[in-house]
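Here's the structure we're looking at; comments come further down.
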Amino acid sequence: SAIYELSCEAYKHLGKTSNYYWIDPDGSGALGPLKVYCNMTEDKVWTTVYHDLQMQTSVGGNSVEKLSVLQLNYSATMDQISAITSSAEYCEQFISYSCKMSRLLNTPEGNPYTWWVGKANEKHYYWGGSGPGIQKCACGIERNCTDPKYYCNCDADYKQWRKDSGMLSYKEHLPVSQVVVGDLDRPGSEAKVSVGPVRCQGDRNYWNAASFVTSSSYLHFSTFQGETSADISFYFKTSASDGVFLENLGNTDFIKLELKSATEVSFSFDVGNGPVEIVVRSPNPLNDDQWHRVNAERNVKQASLQVDQLPLEVRKAPTEGHTRLELYSQLYVGAAGGQRGFLGCIRSLRMNGVTLDLEERAKVTPGVKPGCSGHCTSYGMYCANGGKCVEKYNGYSCDCSKTAYDGPFCIKDVGAFFEEGMWLRYNFHSPGTSVKDLVSRTLLSSADPEITAPDLNLNKEELSFSFSTTKSPCVLLYVSSYTPDFMAVLVNPHGNLQIRYNLGGTKEPYNIDIDHRNMANGQPHTVNVTRNGRDIVLQLDHYPPTSYSLPATSDIQFNSPKALFLGKVIETGKIDQDIYKYSTPGFTGCLSRVQFNQIAPLKAALRPTNASSHVHIQGELVESNCGASPLTIPPMSAATDPWHLDSASADFPYNGQAIGDGVNRNSAIIGGVIAVVIFTILCTLVFLIRYMFRHKGTYHTNEAKGAESAESADAAIMNNDPNFTETIDESKKEWLI
């Protein structure tokens, strides 16, 4: 059977992005896997489980019966959802009651008209925004109800629509399995009920860890109850070559897991038929201070051991003989009975689906420390685009501050839409500091120390960004200086890209022209320029890099850089004629992830950082990923794509079946032509709509759809499918171009 991860948190730390995933919250326990939506966009991971009750479900209106019962069926069993809520740090579920002459709770003393049923079939008489034992709605706690005599807006019993809504966040009571609505039997009474999905955040088990500092230190727990079946899984990290992970003894029976050597993990036990040992040998050392996963299982038929993704080792049980594992001693994690214990970290230790709280026990045990450091050695590679991995007590995070990217793994482009005449200037020197100020030198420096020469002259630059535009000519980017030196990336009147360097020593600036490609075609394009002395390497989109060389007479130092311009060049003093010409009226289109050496000017403008004081903007800068390079815009996420097939059936809907000749082929061609025509019409419409609304800025916002008709911001978010509010940064799949 496929091994599913235990939680969304585990998928995130495999570098996965937001999507639907199968998780198995109790390992190989009885619950079995379930499908949930994992939202990885924030620092914390959200796990979402959906149900089938429509938003704004109407009840009453012409109801004869006293009570109306709304049943919620989830995409998982109650036990599975309990496994998620119990290991989560926080859970919530939105609930809303819209009413017209239909009271909700009425009085804090009397029995309420309406209640909800949660976990373990318990009735609950509090509403969203309130808490257990408080028979009130959110307005009753905030003291702003329609009628101050009551604790819910609906209890005022008005003939106009009113609403009580909020989050239920006492996770021990979730999920909502039923809502029972009572006050519907009078003429004119009606109500609408909405219940959001269950959302949980954090996984307390995944990072629950202890560090064993001495080889004689151990933690002890109550006897392991695994008579007929045992399922043990954990992660370990060590630089030692051997040590016992855990052991539990009986009179003669025992069960034990240990690191036998730098390349061997052993699982041994005795159920009365003599000791059995299973060993997994790894081709690479396991004491490399990286996290390794161990999974050991035993039942009456067989026993197995798996380490990481290495082949599973299986041993069949004898047909006759004892099958029960009878243990009496305590369970020892670490050194047991004078053996050499494990040195290093053990985390997420689960025995028969229950996570042992190593952290709590370690707090009161000498020689063992709670938590673990050094997650970056295993997970740092997920911090992309120059993002730095930062150790946290329970995990790690990616610091994207020195990059032009954003998001949990530094893979979300930060970009903006530029209207004609808008511009941005990034000053390399903070206001009021001298040119030779150290701060500015380090700001401009690449990772290379030699660039921080006292007079701040650059021998090398690295520039990368992506853009899209339909207007030429224009200046995409310009770097000015306190001398005549400059560097520019332009689109000429024919729509071709030109890189222009003027470092002195030559009569005319040195130009690199890419004549054979129209870059003003509205498509996103990526530009990477690296100069080291005389050598310039240019990479455009996914074409191979090409090398150029500055003329022999040219100076190779970019003297005293002053500012970087995007959108338009507004600089004092003499300016290159072409650049002045191309810069009027200014760039229209999108720029994304602009980075010059260590500086990300667009990000500094859009995200408040310590570099923001260097930025000056003329006009309104609207964040947008319309210029994101094609390699990072994913197709529609599986969550929102109506044609998405389950990932098991690969990413292609046709799964490699060739289209037959004859009829099929002709119809395929005709279909293709029709599709192209429809696509063209749609594109034209989109372009027209964007053009019409451009100055109003309507399409710039990421407002929840349905916000206009909704009665509140909450409702807007709830009416809106949670998956639609995702940014474009979903399941990163490359576009096939």
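Quick notes
- If the condition is being charged (D, E, K, R) and either surrounded by 12 or more Cβ atoms within 10 Å (Cβ to Cβ) or not assigned by the TED database to the domain that holds residue 230 (or both), then segment 301-313 contributes 308, 313.
- Test: residue in segment 549-567 that is among the charged types (D, E, K, R), in a loop (DSSP other than H, G, I, E, B) and closer than 23 Å to residue 428 by Cβ: yes
- Selection from segment 494-518 of residues that are in contact (Cβ under 8 Å) with a residue 40 or more places away in the chain and not charged (D, E, K, R): 497, 501, 502, 503, 504, 505, 506, 509, 510
- Between 316, 369, 363, the distinction of being of a type in the set (Lys, Arg), over 27 Å from residue 221 (Cβ atoms) and open to solvent by 70 Å² or more (accessible area, probe 1.4 Å) belongs to 316 only.
- Residues within segment 570-610 that are under 30 Å from residue 400 (Cβ atoms), among the β-branched types (Val, Ile, Thr) and assigned to a loop (DSSP other than H, G, I, E, B), tallied: 3
- Some residue of segment 248-264 being polar (S, T, N, Q), open to solvent by less than 20 Å² (accessible area, probe 1.4 Å) and assigned to a loop (DSSP other than H, G, I, E, B): no
- Any hit, segment 448-459, residues being at pLDDT below 85 and over 19 Å from residue 531 (Cβ atoms): yes
- Every condition in (1) under 22 Å from residue 470 (Cα atoms); (2) touching a Phe, Trp or Tyr at 6+ places or on another chain (Cβ under 6 Å); (3) of a type in the set (A, V, I, L, M) is met by residue 564 except one, and the failing one is (1).
- Members of segment 149-189 found to be acidic (Asp, Glu) and within 41 Å of the chain's Cα centre (by Cα), listed by number: 164, 172
- Scanning segment 129-147 for any residue that is open to solvent by 30 Å² or more (accessible area, probe 1.4 Å), in the same structural domain as residue 89 (by the TED database) and assigned to a helix (DSSP H, G or I) turns up at least one such residue.
- Residue match in segment 630-639 (condition: modelled with pLDDT of 50 or more and surrounded by 13 or more Cβ atoms within 10 Å (Cβ to Cβ)): yes
- Residue 293, sole failed condition from (1) more than 35 Å from the chain's Cα centre (by Cα); (2) surrounded by fewer than 19 Cβ atoms within 10 Å (Cβ to Cβ); (3) assigned to a strand (DSSP E or B): (1)
- Of the candidates 9, 42, 5, the single residue that is out of contact with any Ser or Thr (no Cβ under 7 Å at 6 or more places or on another chain), within 18 Å of residue 206 (Cβ to Cβ), modelled with pLDDT under 80 and surrounded by 18 or more Cβ atoms within 10 Å (Cβ to Cβ) is 5.
- Residue, nearest to residue 343 (Cα to Cα), within segment 232-247, restricted to residues that are open to solvent by less than 10 Å² (accessible area, probe 1.4 Å) and assigned to a strand (DSSP E or B): 243
- Candidates 64, 69: the one that is of a type in the set (A, V, I, L, M), more than 22 Å from residue 306 (Cα to Cα) and modelled with pLDDT of 80 or more is 69.
- Unique residue being of a type in the set (Gly, Ala, Ser) and over 29 Å from residue 84 (Cβ atoms) when the list is 304, 282: 282
The values are calculated or read from the model by the stated rules, or taken from the named source; none is laboratory data. Quick caveat: nothing in here was measured; it's all calculated off a predicted structure. Quick reminder, even Gly has a Cβ in these numbers, built from the backbone with ideal geometry, and neighbours come from all protein chains shown. Each accessible area value is taken on the protein alone, full model and side chains, heavy atoms only, with ligands, DNA and RNA left out. Shrake-Rupley method; radii C 1.70, N 1.55, O 1.52, S 1.80 Å.
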